[in-house]
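The values are calculated or read from the model by the stated rules, or taken from the named source; none is laboratory data. Computed from a predicted structure; not experimentally measured. Reconstructed Cβ throughout: ideal geometry from the backbone, glycine too, with neighbour counts over all protein chains shown. For the accessible areas, the whole protein counts, side chains as well, though only heavy atoms, and no ligand, DNA or RNA atoms are used. Shrake-Rupley method; radii C 1.70, N 1.55, O 1.52, S 1.80 Å.
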Amino acid sequence: MKTKKIIYHSLAALTLTFGTLSCTGDLDQMPHVETTSATVYTTAEGIEAVMGKIYNSMTTNGQGKGGDNADLASNMGYDYMRCWFNLQECGTDEVASTWLSGDKSSDITFLTWDANDPWVADMYYRIYYNITLCNEFLRNCTEDKDALSPEIPHYRAEARFMRALFYTHALDLFRNIPFVTENDPVGSFIPPRNEPKQTFEFIESELKDIVDDLYPAASCPYARASQGAAYTLLAQLYLNAEVYIGEPKYAECIEACENAIAQGYSLESDYQKLFNADNHLRSNEIIFALAVDPVYTVSWGASTYVVCGEIPNAGSTMQPEDYGVTSGWGMFRARGELPKMFEGAEQEDGRYLFHTDGQTQYIEDITAEDQTQGYCVKKWSNLTDAGEVASNTAEGGVATDWPLMRLADVYLMYAEAVVRSNDQANGYTAKDYVNALRQRAYGNTQGDITFDQMWEADFFLKERARELYWEGYRRTDLIRFGKFTTADYLWQWKGGVKDGQKVDAKYNIYPIPATELTANPNLSNPLY
């Protein structure tokens, strides 16, 4: 169990009055009104409960255990992070999602989706449900409530941070998106369609405005958004600005990274402990974690999805108990290109966490039930530092938190922005940050790079894969490097063929779901 205070509230007995984001029935799915906002926001406990729901809305998909009393009834109804992992990883060179029919992931895997894809729709409605939670909180948790508790101003800033995070994900995935805040009317309001630059500027402004009202990293309660998280999200926004709005913002990215680093984070000495059931103890490196708990936030998505999904359930020598799992789900393996990035350093680089015994590196038939095709990833686990099983995964899922932001990413963003802007003055600092990661991975300086190596084409695309694989970054990274849809980089089963092929550039963004187009005449999918 966690040793730091976490806001756990399922809202099982708490129901709020939400306005819909559009006229569509898919978003008209607020809880039944039993306890209204008029009473919820009269106590510090009620306000904390809603704040807890906002945080937990990324890892759970309902008010009860495992998604019971679901927040949304549309499509498959999966939780936020299960959707995010699939949309960010399963079409890339990092993940082979091989339970194609059962998980309905064929179109995501082969980059052939359309506006009716259930994963695309689930992600879209999850994002906007969560934005609705934030807007409702901000509409009601006004400054006149500050007398209830000294935490209230922090909560308000944190709700704005979470909304900025959700809008960042919406911008990244969909680009031209509907936009609504707490200042818009409640009810049958039809949101306008924002151009990417409008959304970008809103996120940027929000994060800059709230940072002083967030806790500094050193005093921030675990699994809540800190100043470090705000600076990290700003850095992520700036690093991808050229993709989002056609304007480079690399100097701004460097500054945001510097501000995040100045919060006093440090690298965890053991890379794999960042992804085990005691990873709540790694707040020295993990800047913002999503709390996952086998009692309070039981979910079959989030980190349970990855930990159980990485372990085969047939034909493999990989044993579930070695990773704290009751049984494997047999859903994911690595595409052959991912372990290839470690070629020549398989024994030296501690990030090379693949089960290879009895497995082939490449997948000859991704539709086959043969789970020996493709290396198994063993990066994530449900074991404690002492090697003990943290939970019964069949009953409560895993106890492993999701490290949504960590210092390693900040180091790599800083260095990439330095190279992209040809900032020679900060080049050696950037090199030192990269080598700090590699020294942790190698246990010595054997893997250090030179200043010139950092400027080699695609160095950061590969290094980010080695450091951050299966954490939800890859699609965004490939797009930033111009590799996701083009013929410049092919991986097995890209585009649905074994040797990989170029796909239409429209797949750099996901379409607004067809149901939402029907409901909101302001929206369109010109590429689809």
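Summary table below
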{"quantity": "Any chance Thr360 is over 23 Å from Tyr442 (Cβ atoms), modelled with pLDDT of 95 or more and surrounded by fewer than 19 Cβ atoms within 10 Å (Cβ to Cβ)", "calculated": "yes"}
{"quantity": "Leading residue by the ranking (nearest to Ser391 (Cα to Cα)) among those in the stretch 355-377 that are more than 22 Å from the chain's Cα centre (by Cα) and outside any loop (DSSP other than H, G, I, E, B)", "calculated": "His355"}
{"quantity": "From the options Lys483, Lys462, residue that is surrounded by fewer than 20 Cβ atoms within 10 Å (Cβ to Cβ) and either outside any loop (DSSP other than H, G, I, E, B) or at pLDDT below 95 (or both)", "calculated": "Lys462"}
{"quantity": "Meets criteria (open to solvent by 30 Å² or more (accessible area, probe 1.4 Å), over 30 Å from Gly315 (Cα atoms), in a helix (DSSP H, G or I) and modelled with pLDDT of 95 or more) for Tyr414", "calculated": "no"}
{"quantity": "Residue ranges of helices (runs of 4 or more DSSP H) in the stretch 189-306 with at least 2 members closer than 30 Å to Pro150 by Cβ", "calculated": "196-210, 227-239, 250-261"}
{"quantity": "Residue match in the stretch 155-177 (condition: within 19 Å of Thr42 (Cβ to Cβ), part of a helix (DSSP H, G or I), touching a residue at least 40 places away in the same chain (Cβ under 8 Å) and open to solvent by 10 Å² or more (accessible area, probe 1.4 Å))", "calculated": "yes"}
{"quantity": "In the stretch 64-101, the residues that are open to solvent by 20 Å² or more (accessible area, probe 1.4 Å), part of a loop (DSSP other than H, G, I, E, B), of a type outside the set (Phe, Trp, Tyr) and more than 14 Å from Met331 (Cα to Cα)", "calculated": "Gly64, Asp68, Asn69, Ala73, Asn75, Met76"}
{"quantity": "Positions within the stretch 452-488 being within 18 Å of Asn240 (Cβ to Cβ), among the hydroxyl-bearing types (Ser, Thr, Tyr) and in contact (Cβ under 8 Å) with a residue 40 or more places away in the chain, in sequence order", "calculated": "Tyr473, Thr476, Thr485"}
{"quantity": "Qualifying positions in the stretch 252-261 - open to solvent by 40 Å² or more (accessible area, probe 1.4 Å) and either of a type in the set (Val, Ile, Thr) or more than 16 Å from Leu407 (Cβ to Cβ) (or both)", "calculated": "Glu252, Glu255"}
{"quantity": "Residues within the stretch 222-251 that are open to solvent by 10 Å² or more (accessible area, probe 1.4 Å), touching a residue at least 24 places away in the same chain (Cβ under 8 Å) and among the small types (Gly, Ala, Ser), tallied", "calculated": "2"}
{"quantity": "Flag if Glu321 is among the charged types (D, E, K, R), touching a residue at least 40 places away in the same chain (Cβ under 8 Å) and not in a loop (DSSP other than H, G, I, E, B)", "calculated": "yes"}
{"quantity": "Complete set of residues in the stretch 378-398 that are in a strand (DSSP E or B) and open to solvent by less than 20 Å² (accessible area, probe 1.4 Å)", "calculated": "none"}
{"quantity": "Number of positions in the stretch 429-452 that are within 21 Å of Gln347 (Cα to Cα) and either basic (Lys, Arg) or within 27 Å of the chain's Cα centre (by Cα) (or both)", "calculated": "9"}
{"quantity": "One residue from Lys104, Lys53 being modelled with pLDDT under 95 and either farther than 30 Å from Glu463 by Cβ or not in a loop (DSSP other than H, G, I, E, B) (or both)", "calculated": "Lys104"}
{"quantity": "Members of the stretch 281-304 that are within 23 Å of Val211 (Cα to Cα) and either crowded, with 19+ Cβ neighbours inside 10 Å or touching a Pro at 6+ places or on another chain (Cβ under 9 Å) (or both)", "calculated": "Arg282, Ser283, Glu285, Ile286, Ile287, Phe288, Ala289, Leu290, Ala291"}
{"quantity": "Filtered residue count, the stretch 73-110, keeping only those that are aliphatic (A, V, I, L, M), closer than 21 Å to Pro513 by Cβ and within 20 Å of the chain's Cα centre (by Cα)", "calculated": "4"}
{"quantity": "Count - residues of the stretch 489-498 that are polar (S, T, N, Q) and either free of Cβ contacts under 8 Å to residues at least 40 places away in the same chain or open to solvent by 50 Å² or more (accessible area, probe 1.4 Å) (or both)", "calculated": "0"}
{"quantity": "Within the stretch 102-131, tally of residues that are open to solvent by 20 Å² or more (accessible area, probe 1.4 Å) and among the polar types (S, T, N, Q)", "calculated": "3"}
{"quantity": "Test: Leu404 is in a strand (DSSP E or B) and either touching a residue at least 60 places away in the same chain (Cβ under 8 Å) or surrounded by fewer than 24 Cβ atoms within 10 Å (Cβ to Cβ) (or both)", "calculated": "yes"}
{"quantity": "Qualifying position, being assigned to a helix (DSSP H, G or I), modelled with pLDDT of 95 or more and open to solvent by 50 Å² or more (accessible area, probe 1.4 Å), among Gln453, Gln446, Gln501", "calculated": "Gln453"}
{"quantity": "Residue match in the stretch 111-120 (condition: outside any helix (DSSP H, G or I), farther than 19 Å from Ile210 by Cα, of a type in the set (D, E, K, R) and over 18 Å from the mean Cα position of the chain (by Cα))", "calculated": "yes"}
{"quantity": "The one condition in (1) on the phi < 0 side of the Ramachandran plot; (2) touching a residue at least 24 places away in the same chain (Cβ under 8 Å); (3) over 15 Å from the mean Cα position of the chain (by Cα) that Thr60 fails to fulfil", "calculated": "(3)"}
{"quantity": "The stretch 370-389 residues that are acidic (Asp, Glu), paired with ones that are surrounded by fewer than 20 Cβ atoms within 10 Å (Cβ to Cβ) and at pLDDT below 95 (beta carbon under 7 Å, 6 or more apart)", "calculated": "Asp370/Gly315"}
{"quantity": "Test: residue in the stretch 132-150 that is touching a residue at least 12 places away in the same chain (Cβ under 8 Å), open to solvent by 30 Å² or more (accessible area, probe 1.4 Å) and in contact with a Cys (Cβ under 7 Å, 6 or more places away or on another chain)", "calculated": "no"}
